[in-house]
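Below is one structure; the comments refer to it alone.
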Amino acid sequence: MNQPAPSRGPIATFFVGLWDVMNFTRRLILNLLFFGLLLLFLVILVMVAGSGGGITPMGERTTLVIAPEGALVEQYTRDALTRDVGRALGDPSVEEVQLRDLIRGIEAAKDDKRIERVLLDVDKLQASGWASLREVAAALADLRASGKQVVAFSQGLGQGQYLLAAQADEVYLDPMGGLVLEGLGRYRQYYRQALQDKLGVDVHLFRVGEYKSAAEPYILDAASKESKEADLYWMGDLWQRYLQDVASARKLTPEAIAAGIDTLPEGVAAAGGDLAKFALQQKLVDGLKTREEVEDLLAERGVADEDSEYGFRSIGLGAYLAQLDAKRNPLDERPQVAVVVAAGEITGGQQPPGTVGGESTSALLREARDDEDVKAVVLRVDSPGGEVFASEQIRREVVALQEAGKPVVVSMGDLAASGGYWISMNADRIYADPSTISGSIGIFGLIPNITRTLDKVGVHTDGVGTTRFAGAFDISRPLDPAVGQVIQSVIDKGYADFTGKVATARKKSVEEIDAIGRGRVWSGAQAKERGLVDELGGLDAAIADAAARATLGDVGKYRVRYIERMATPFERFLGGFAGSRLGSAWLKDSGLARALLVKALPETEAQLRFVENAVKDRNGTPVKSLAYCFCGM
């Protein structure tokens, strides 16, 4: 039985009440102080985030310095907050350059009377595929043709970077630098002996098409005859185009450049092992100068400016793009051509930028369909493919756009193969660069089996099932030939679906598509010859085509809008803070801030690679068809 609590006397009651009042007052004051300081801190952050980002007026006779750093991408693969914070922390791995931004800056400089010349430094640009590089090279060539002087400087060039530098009026290489053109190659490691003979892993490959060589390394010790034949065919086409592009820019002949490569050992030896001198002798560069000498040269030609880091009046690409953005009219009511980017492997569900999600990319296309201001859509594809079902989800949305009366034009980037072609095939028009890698119409499945591997260490699998196929897809059990028959039937059906849909979309017979399919890869020019591509051209040509199909009139009567995931207000706020001077210094010097932000940032963990994701059991099905092309350079 509970005893009643003893009652307090009046004195005790008074002091207890006084203590409660004092305790409440203390907590109230501390809370008010805490929230006051927090509010003050947030106000300071807002002020700092807004400071240092103002648009600096640009004077006449300015040199535009184009010195991109990081990978050249169709779409940022990291969210804005991750990029800004990583940049503030000095992490070079977060640096990326969007192809659209690079070209936009070059094209704007062509007609900007304040820009007198361009200094091009591509040493820190990580070249991607050849189609993207050719688009940038074409923009630089147009800039040079407009009368704007382009000067390129490098401390050491790869052949992808050199394609851009070659477009300049003058190309200078550091005397201690180097430039070697070597040609295109594609070599892979082959694991059959290591897997099967050494480790006891039996790999079962199911495919349609003798040219579908993506998984050959797991079942062979060397490339098949068909793989070598197909690869050399499209690579040879790309290489000849590269030689022609460089020769045209440098006023040389492709034969002369090819001869320099063939006699590389003798030429370098004659130059005393000096690669810079050899490049000068081959007329690939115009002179050997240090960075300081080039900057002095531009200071003499332009307007000297002691406050500039280069010694002459200049503006960087990022600051120049900010000026262009500041001039945009947020109330622009012109009809729109929407651009949806599909870059990366195609996988199911919602995916971040840099990966094509069956649901997330479909949602962007639906947004374009539902937006009354969008009159036409350009689907920019840069993908090796991926999951068949996810590819089909996106293709259906392309068809739905067309049924809604909105034309869809595909612009292929560096790579639009296999599943990347699947999502493209129904477009009203398909554009590709001659150096785009496309095709690879084929399906494969890969099933490893580790029964012999486990047997080597004395581990065995046994048990019971209610049917003959229960547990039959367990890789620790021998693969039943009947199960292999099921898998091959699924692969055959996938290939029949692929070729059938392409035949319908391209108005050809299934037999015609099969003849150019079977997993074979083509260059963009070769794909056009075979009817898989309609026109050769870049993104601008595709946008103009889409606008014409929607009868939007000439350029200027419509605007182009990219439809993609927008950063949240909180991400934009933190990104602005990280990009400010104070924020950058605070993040770089504060170990605590670094630890807290890394935990809070989205998408900081590396995404699982496509093949690792693809082997997971999803939607209850043990067999999944893949349309993927391991055909990057």
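The values are calculated or read from the model by the stated rules, or taken from the named source; none is laboratory data. Computed from a predicted model, the values in this text were never measured in an experiment. Note that we place each Cβ from the backbone using ideal geometry, even for glycine, and neighbour counts take in every protein chain shown.
Couple of notes before you dig in:
- When residue 170 is tested against (1) of a type in the set (Asp, Glu); (2) surrounded by 15 or more Cβ atoms within 10 Å (Cβ to Cβ); (3) more than 30 Å from residue 267 (Cβ to Cβ), just one condition goes unmet, and that condition is (3).
- Residue count for the range 134-148, restricted to those that are touching a residue at least 24 places away in the same chain (Cβ under 8 Å) and outside any helix (DSSP H, G or I): 2.
- Residues within the range 316-335 that are touching a residue at least 60 places away in the same chain (Cβ under 8 Å) and within 23 Å of the chain's Cα centre (by Cα), tallied: 6
- Filtering the range 228-282 to residues that are closer than 21 Å to residue 414 by Cα and among the basic types (Lys, Arg) leaves 228, 241.
- Test: residue in the range 427-438 that is closer than 30 Å to residue 472 by Cβ and touching a helix residue (DSSP H, G or I) at 6+ places or on another chain (Cβ under 6 Å): no
- When the range 61-87 is filtered for residues that are surrounded by 22 or more Cβ atoms within 10 Å (Cβ to Cβ), under 30 Å from residue 304 (Cα atoms) and modelled with pLDDT under 90, nothing remains.
- Selection within the range 270-297 - in a helix (DSSP H, G or I) and surrounded by fewer than 14 Cβ atoms within 10 Å (Cβ to Cβ): 270, 292
- Subset of the range 250-269 [out of contact with any helix residue (DSSP H, G or I) (no Cβ under 7 Å at 6 or more places or on another chain), part of a helix (DSSP H, G or I) and not acidic (Asp, Glu)]: 250, 256, 259, 261, 264, 265, 269
- Wholly enclosed strands (runs of 3 or more DSSP E) of the range 381-442 bearing at least 1 residues free of Cβ contacts under 8 Å to residues at least 60 places away in the same chain and hydrophobic (A, V, I, L, M, F, W, C): 408-417
- Qualifying residue in the range 248-260 (condition: within 17 Å of residue 444 (Cα to Cα) and of a type in the set (Asp, Glu)): no
- Identification of helices (runs of 4 or more DSSP H) wholly contained in the range 477-571 with 2 or more residues that are among the acidic types (Asp, Glu) and without any contact (Cβ under 8 Å) to a residue 40 or more places away in the chain yields 510-516.
- Residue tally, condition among the hydroxyl-bearing types (Ser, Thr, Tyr), within 27 Å of residue 489 (Cα to Cα) and surrounded by 17 or more Cβ atoms within 10 Å (Cβ to Cβ), over the range 197-249: 4
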